Structure formats: structure tokens, C-alpha cells
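**Student:** This is the structure, below, for whatever I ask next.
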Amino acid sequence: MTSAQFESHEFVLVPLSPIHVGGGEEAKWLPEDYRLSGDRRFIERVSVRAVLSRLDPKLREDVIRKFDKDPQGFIRELQKRADGEEIVERISISPQSAEDIDLDGGGRGRQNEIDGFYRSGGRPTLPGSSLKGALRTAWLRDLWELKVRQADGRPPVKMPALAEWKRMPPKGRDSRAAKARELEQMLLDVASDEQATDTDPLRDLTVADAPLPAGATRIDKVVSWKKGRDGYGFDAGKMQMHRERLRAVLDGGEPPLIEITIGLRAEDVREWRARLAASRKAVPRRSVETAGRLLAALELQHAELWQRELEKFFEGGNGDRLRQALDVFKQFSRGGKDPEAALVRLGWASHAEAKSLAAVRRVERPQAKGDARFASEGSSRHVIDLNGHPMPFGWALLIRKDAWERKAPDAFLALPASRNAPVAATHTGAGRPAAGRGETVLGRQVLYAKGTKVLVGGEEAVLHEDVTRAHKPSEEIMADFGDGPEPVRVDEIEGPAE
């Protein structure tokens, strides 16, 4: 840190899985912003203005004349002429994305739109705010556990049950936002008035922006990972997503290493500031004292999320690659009094679970209706399909730089062999021998027709297939709770919702 008030602590961030931090509208690239390289392995971001200025006046006039008749053709012609410094940047792209972006299309929908990584000064950069957000949540979790210990195991506050939570207004007095803010103020011990910012202990923590190494990113196609009749699998859906993301351990080979600098307010400054508090100057009443405590808080927050991720979404062979990736770094101590490393999840698709506290988690699912709108966890993930292996977003290890220099692994994972990609089958009859059922007498006796709203565990769901008297109670059918079809047992259907 440049400020004498802060002590610098150096870390290495190792991406375990792809990480994407968006750059807003400026980082949404349409066909006029790029071209595919001749070998289709890269996109090349072209400065059309630079190409146009290089052309001799007559040729420039001829090219501009085409603009009104064929704007896309005008852009294409200039892109084809680009060379040397007119090519601003070359970014690796996967074969799937290269095929999908359809550079000859007209830019309709998202088919040829690419979401780039956040940039600062034209260079891909991990913004410090992204990591600081994860540190803030982890610190709140640490303070929650401290309060529980001080209260002999009792939670420091009682949050409304899910059923009550969904009935609360989103904003205003007695709203969900107000309740969440009240919890945060209590844990951080901040003032509830205009002095809230001055008394926030996270003012004692700074995280610098971290430029990414050259070649650290690649553009990939993103798909959904949803639960079908036979378990979780890939669901490409109709909407295409192509995102520039950090390469990771899961990809195979050596991952990019990102140098992270975290600043903590110096102890003598905190002591001096405490004396000011006696004169009623607004200062934080708590402090983030050590980097070790921060690492321990990160691990406390994220280790159980990692385990739950494997148990729910990536069990068995679907999670083998994830387990192998973390095992590469087993020599680093995590948790305890003097940790060397910690799991962390950040960026896009790190999901609400990573941004909330387990004991009071209320995950909002905007597309769901009724009681299903809020849940204790989500039901799907965004992933990249790597030879049939799902790669979720956001996972990384934050490792003390001194520990990395002593214990860095000698080898990483190889590129995984291809495996049969599991698919989230949602069509009627998938996964069970139902042929001919509709031909039987019982099969023609429909209890609930496809499209009917029913109650399942008190939640509304829309059936994606008929339920007939031929179905056994233990059989599964597909129903949509608002965020995609998933299997439910026939005997779990309580009746029509209306």
C-alpha cells in the first residue's frame, strides 16, 4: 500500500475453476468489436477507426460509401484489412464459442455477443472490490460465530422464517433489506446513523486491483448445470452465453498466478485512533487485526460451501476433477490459528450462498413464484463443459506469498480425458421404461395433466408431463418450481394449487 497507515500483506490467488468478473456495458463485445483469427483460435479486437485513418483518401471514400447500404459489410471489410497495431488485443477462444459466435450474423440477441473480463487501462484486471466483497462476507461469518460462542451456542439474532421472509416488502421500513442491514450493523458494531461509514471496521482493510498475467484469459461457452430425471447434467438451453474468464487449475497445465496485495491498518494507527474515540470522534469499534484471521474467516465461510457444492451438484464422477484440483494444494494448511491458505469464491456465478451467512441464508430466486421464491440454497449452476467435465465458476485459493514460495506444487493437472457428458434430461419418460403406458387403461386415466399447477411440499410447481393412474407412487415426473424442471416423486404431489 502507498499509505503509511496500512501494512501490506502479499498473497497469490490461484484460480481453481474459471472466474469471470464483468466489465459492464464497455466489456460487451458485438461483431463490430472483433474478428476471428484465421485459425479460429483467437478473437482479435480491432480498432476500426485506426484502419480507416490508414487508408488512402480515395479508398477510404469508397469504403465509407458502402456504410449506408451495408453497415455490417462496412465493418467486416475494415476488420479484414486490420494489421499490426490496428489489432488491439488477441484473446484465446474455445472451438465451441468460435463456432457459435457467428460473425456473419447481424448481432441479434446474444448469439455473437461476448462478455469480456473487467479491464483497467485496457488490461484485464481483477478488481480489488471483488475480493474485498468476499472478505467482508467472511468477516461477518467470523463475527457471527464469535457471537454464538459468547452466547453459549445461541444465535445472536433470530431471523424470520422463510415463509415470513417472503411476505416482507423488499425495501423500506420492516423490509428484507432493513432486516439484513440491521444484522450487519449488529455484527460489525457500526453506528446506525450518518456515522455508519466512519465506524465500519472494513475501512481498516484495502485490496488493490490486480492486473492479470498475459494470456491469463480465454473465451468459453457457458451452459447451465441442472437436475434432470437421472441427476445433474448439462443443459445448453436456447440462450447463448460466451464469457472471457480466467484459466484455472481445472483446465489442466499451469494456471495463471495473480499477485494480491491486502492492506491492514497498522496497529499503532489503530491505537492512536482509539484514543481519538475518547473525544467522541467516530471511529470503528472493531478491527481486522491480522491477515491470518482473515484467511481463517475465508476458510470458515467457504470450506463448507465447497463441500456442499460437491455433495449436491457434483457428486461422484461429476466432482472428481474438482477434488483433484484442490488436492494439488494439500501441502498448504487451511484453517486453524496460523493458516497459509483459504478457499474463496468470487466473481460472476459465485452464487448467493457465497455472499450470505449459512445460519440466516435467504436465497432469492427471482424467476420462482410463491413459497419457492426464497430458499436456503439455489438449484442450478453455470458451468463450462471441459471434455464432459463440468467446471463451475468462481473458486480459488488465496495463499500467503511466503508459503507459496516455499511449497508451490511441482506439477498440476493434465488435460482431462473425454467422458460421456451427463445431460439434464427433462423430456417425458426419460430415465424410466414408460413405453406403452399411455396405451393402457390406467395410462389413459389422467390424474394431473401436463401444465397443471400442483403443490409439492407446500410449493407451487407446473407439471411437465401427465400424471396418470399408471404411475407408481415412487416414480418421478418432471415439474418446474420456477427456475427449471426438476424431478419429483408422484407421492410428493399434494394436489392442485388452484
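**Student:** Inside the range 165-209, can you point out the residues that are under 28 Å from residue 268 (Cα atoms) and of a type in the set (Asp, Glu)?
**Tutor:** 184, 189, 193, 194, 198, 200, 204, 209
**Student:** Looking only at strands (runs of 3 or more DSSP E) that lie completely in the range 380-486, which have at least 3 residues being among the hydrophobic types (A, V, I, L, M, F, W, C) and modelled with pLDDT under 95?
**Tutor:** By residue number, 453-456, 459-463, 476-480.
**Student:** Need at least 3 residues that are outside the structural domain of residue 399 (by TED's automatic domain parsing) and free of Cβ contacts under 8 Å to residues at least 60 places away in the same chain per element, so show me which strands (runs of 3 or more DSSP E) inside the range 27-142 make the cut, counting only ones lying wholly within it.
**Tutor:** In the range 27-142, 42-46, 87-93 are the strands (runs of 3 or more DSSP E) which contain 3 or more residues that are outside the structural domain of residue 399 (by TED's automatic domain parsing) and free of Cβ contacts under 8 Å to residues at least 60 places away in the same chain.
**Student:** Test residue 75 against the criterion of being among the β-branched types (Val, Ile, Thr) and under 22 Å from residue 223 (Cβ atoms), and give yes or no.
**Tutor:** No, not satisfied.
**Student:** Provide a single number: the residues in the range 311-323 that are farther than 17 Å from residue 249 by Cα, assigned to a helix (DSSP H, G or I) and in contact (Cβ under 8 Å) with a residue 12 or more places away in the chain.
**Tutor:** 2
**Student:** Let me ask something else about it. Applying the selection to the range 211-223, what residues are part of a strand (DSSP E or B) and crowded, with 19+ Cβ neighbours inside 10 Å?
**Tutor:** Within the range 211-223, 217, 218, 219, 220, 221, 222, 223 qualify.
**Student:** For the range 337-359, enumerate the residues that are surrounded by fewer than 17 Cβ atoms within 10 Å (Cβ to Cβ) and part of a loop (DSSP other than H, G, I, E, B).
**Tutor:** 337, 338, 355
**Student:** Shifting gears a bit: Look at the range 167-193 and say how many of its residues are surrounded by fewer than 17 Cβ atoms within 10 Å (Cβ to Cβ), touching a residue at least 24 places away in the same chain (Cβ under 8 Å) and in a loop (DSSP other than H, G, I, E, B).
**Tutor:** Matching residues across the range 167-193 total 2.
**Student:** Being touching a residue at least 40 places away in the same chain (Cβ under 8 Å) and among the aliphatic types (A, V, I, L, M) is the filter; apply it to the range 195-215 and report the residue that is nearest to residue 247 (Cα to Cα).
**Tutor:** 212
**Student:** Could you pull out the residue among 334, 362, 381, 323 that is in the same structural domain as residue 225 (by TED's automatic domain parsing), basic (Lys, Arg), crowded, with 17+ Cβ neighbours inside 10 Å and over 30 Å from residue 459 (Cα atoms)?
**Tutor:** 334
**Student:** Can you name the residue in the range 263-282 that is buried (at least 19 other Cβ atoms within 10 Å of the Cβ) and closer than 22 Å to residue 184 by Cα and, of all such residues, is modelled with the lowest pLDDT?
**Tutor:** It comes out as 265.
The values are calculated or read from the model by the stated rules, or taken from the named source; none is laboratory data. Keep in mind that this is a model prediction, so the values were computed, not measured. All Cβ positions, even for glycine, are placed from backbone atoms using ideal geometry, and neighbour counts span all protein chains on display.
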